[in-house]
Amino acid sequence: MRENRLFTNHTTIIVLLVFFTCCQMQKPGLLRDVGLAFASAEESNNRNSTLYVAVNGDDFWSGRLPRANAQMTDGPFATLQAACKASRTLGTKKRKKIIIHQGQYFFDEPLVLTDRDAGLSIESAPGAKVYIYGGRKVIGWKKDGEEFYSAELPGVKSGSWDFRALVVNGRFCPRARLPEKGYFEHLSNFNVPWMSTTGGGWKRKPTKEELTTLKYRPEDIGPWLDINNAEVTVYHMWDESMVGISAMDTVSHTLTFANPSGHPPGAFGVKKYVVWNVREGLKRPGQWYLDRSAGKVVYQPLPGEDMTKAEVFAPRIESIIRIEGTKDKPAGDITIRGITFSVTTTPLEAGGFGAGRFEGAITITSAQNCRLLELEILNVGGQGIKASGDNLRIERCHVHHTGACGIRCRGTGCFVSDNHIHDVGLTYPSAIAMQGGGRDCLISHNEIHETPYTAVNCGGQNNRIEHNLIYHAMQELHDGAGIYCFAGNGLVLRGNFIRDIIDTGGYGASAYYLDERSENCLVEGNLSVGIARPSHNHMAKRNTIRNNVFISDADARLTFPKSSDYTVEKNIVYAKGKIVLENPDAITALRNNVLFSKEGIVQGRKLKNYSQSGTYQLKADSGNLLDDPLVLEFKAGIVKFGPDSPAGKLGIEPIDVSRAGRRR
């Protein structure tokens, strides 16, 4: 192999010398022949740099042939690991490619790529469907009672194999839960004020006991609870904590957690919790639980589901591919394209804000110039993609049915575009569909929907969030938004279309939300439809809200608690109910807006801290109008006005966000 590389390099050098000689001699025919020779040398070089993987391959073969030869003495590798090991012998100075043929591939440990893999591209063969699983198939199903089936799994009883996700016939299956719907209400209290994140969190630090105990009602759970199996989700305001149970006191009705919760039960006045993974929680077909006491997985089949033919996967690992660099040696110039990744798990711990502690099916750290293109990531227990570095590109990926987040990408100059993200947070409802950060990044033309919490979260400096289509977010938790920005400086939110977000209580849900330490940000040319609080601003300052259209089927609230120095201009707010501006004193310049309430009520509400201290009716002044803007059309993203609309007179430019979301 070394001799082949030397031959190719020498040939290329000779061809280049002849080429330059011909240029000086002005011999066009000879130039053509030299060009053909050069192309032939390059083709030979590419062949020597391409390796193949196939399910019927062999790791003792060279991997240089796309299929086995007639003598069955050489052909593709059987594993991606062997192909990557071979590609490293080619060095980092030239392009290398690994092509994977159609089939299913199973990983028991992550594939780790480093700076030694620079120049590598891993991709599916043209037209091939390549599936890489971070787990194993579960076989040997037997009847377990009248309605259930079970399969024994080595290592579960001893604790060496544990997981929180199961995939049956392509479905991310829900775990057994109590209660069947809704939540239990616990009796724990934590009446300590939250001082805001900027203010340091809790006014008094919670004790270990407060973070590890919960008082339950005896009618909800009893001595029958198997604490070796049971796990509990304790709900907070904008996140939740998944905990195990180490002890249960049936006299004081107290659960002791095996791992601490992120906030004490009862914090923020939230009293909800759910018990998972117990046999008593198998209430409907399609559910499962992991019986650690018996060393088996138990499943209740769907009607007509034949467990002798079912394809069932249980995860073994948290990440399938890890691209890992260091500050001194960043991993760089690695491309992964056209592959489907599925089946990962998470450890038993509280995931923190946005379920950010969990790993991705693909995890990238300290990397630069890496690309994830046209991937599908589904049915994973943690995050789909978790990436940090410089000049990363995540494009045209489909990430869905994840236990935690969809895509998380932070760094400098990153580009996240044309992805489809939906049905995230199936295990951890605090999961954020798309989370960004860093500086000079672009989050653009993504379609995001069916999320229990925030669809897009971004902070950092000079990042742009543009032309995204977002709907059906904030379905379970509170104090988030379609686009939620925390500690952002110079952010631009432009041309986004957010619709159909329902406020489920707590601290509420918004379309566009600038939170603590967000400064010098611009919210411009966006549309929100069917959202009662289109703009929420909290402890933010010197931001501009310009030329947006906010349409509500009920009341509409624009809120500015503890904010200051806002410019709000050339916006249209159209509400079938009343319009309320909370803490209008935060607005330095309120001009050239159309604020139209069909009820005829446009109020300013003064706030002292977070409490209402006075209400008054706003009047048309400084160019602000309370007239009907005569909106004719908006549902498709193109806002059209009647010929006599006052919008044009105020300099409000037409809004067209019909192309927000993925470009086909």
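The values are calculated or read from the model by the stated rules, or taken from the named source; none is laboratory data. Just so it is clear, the model here is predicted, and its values are computed rather than measured. Here Cβ is always computed from backbone atoms with ideal geometry, including for glycine, and neighbour counts include all displayed protein chains.
Here are the numbers for this structure:
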item: Condition met for THR504 (over 22 Å from ASP656 (Cβ atoms), in contact with a helix residue (DSSP H, G or I) (Cβ under 9 Å, 6 or more places away or on another chain), of a type in the set (S, T, N, Q) and part of a loop (DSSP other than H, G, I, E, B)); result: no
item: Qualifying position, being touching a residue at least 12 places away in the same chain (Cβ under 8 Å), surrounded by 19 or more Cβ atoms within 10 Å (Cβ to Cβ) and of a type in the set (Lys, Arg), among LYS129, LYS137, LYS96, LYS157; result: LYS96
item: Residue count, the range 311-329 (criterion: of a type in the set (Gly, Ala, Ser), part of a loop (DSSP other than H, G, I, E, B) and under 21 Å from VAL156 (Cα atoms)); result: 1
item: Inter-residue pairs, beta-carbon under 6 Å, first under 15 Å from HIS101 (Cβ atoms) and aromatic (Phe, Trp, Tyr) and in the range 64-78, second at pLDDT 95 or above and surrounded by fewer than 18 Cβ atoms within 10 Å (Cβ to Cβ), 6+ apart; result: PHE77/ASP59
item: Those residues of the range 80-104 which are under 18 Å from ILE323 (Cβ atoms) and not hydrophobic (A, V, I, L, M, F, W, C), in sequence order; result: GLN81, LYS85, SER87, ARG88, THR92, ARG95, LYS96, LYS97
item: Single residue of the range 190-239 satisfying the filter (among the β-branched types (Val, Ile, Thr), surrounded by 16 or more Cβ atoms within 10 Å (Cβ to Cβ) and within 28 Å of ALA473 (Cα to Cα)) that is farthest from the chain's Cα centre (by Cα); result: VAL232
item: Criterion: of a type in the set (Lys, Arg) and assigned to a strand (DSSP E or B) - qualifying residue of ARG164, ARG136, ARG204; result: ARG136
item: Condition broken by ALA554, with the remaining ones in (1) outside any strand (DSSP E or B); (2) buried (at least 24 other Cβ atoms within 10 Å of the Cβ) satisfied; result: (2)
item: Positions within the range 240-274 being within 33 Å of the chain's Cα centre (by Cα), surrounded by fewer than 16 Cβ atoms within 10 Å (Cβ to Cβ), among the small types (Gly, Ala, Ser) and in a strand (DSSP E or B), in sequence order; result: SER246
item: Lone unmet requirement of (1) assigned to a loop (DSSP other than H, G, I, E, B); (2) in contact with an Asp or Glu (Cβ under 9 Å, 6 or more places away or on another chain); (3) of a type outside the set (Asp, Glu); (4) modelled with pLDDT of 95 or more for VAL580; result: (1)
item: Residue count, the range 467-489 (criterion: aliphatic (A, V, I, L, M) and surrounded by fewer than 24 Cβ atoms within 10 Å (Cβ to Cβ)); result: 2
item: Any chance ALA387 is out of contact with any Lys or Arg (no Cβ under 9 Å at 6 or more places or on another chain), part of a strand (DSSP E or B) and of a type in the set (A, V, I, L, M, F, W, C); result: no
item: Tabulated pairs, the range 449-475, first over 22 Å from ASN489 (Cβ atoms) and hydrophobic (A, V, I, L, M, F, W, C), second surrounded by fewer than 21 Cβ atoms within 10 Å (Cβ to Cβ) and at pLDDT below 95, C-beta under 8 angstrom, 6+ apart or interchain; result: MET474/ILE502; MET474/ASP503; MET474/THR504
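Per-residue answers, yes or no, for (1) touching a residue at least 60 places away in the same chain (Cβ under 8 Å); (2) more than 14 Å from the chain's Cα centre (by Cα):
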site	(1), (2)
PHE358	yes, no
SER366	no, yes
ARG371	no, yes
LEU378	yes, no
ASN391	no, yes
HIS400	no, no
ILE407	no, no
ARG410	no, no
GLY413	no, yes
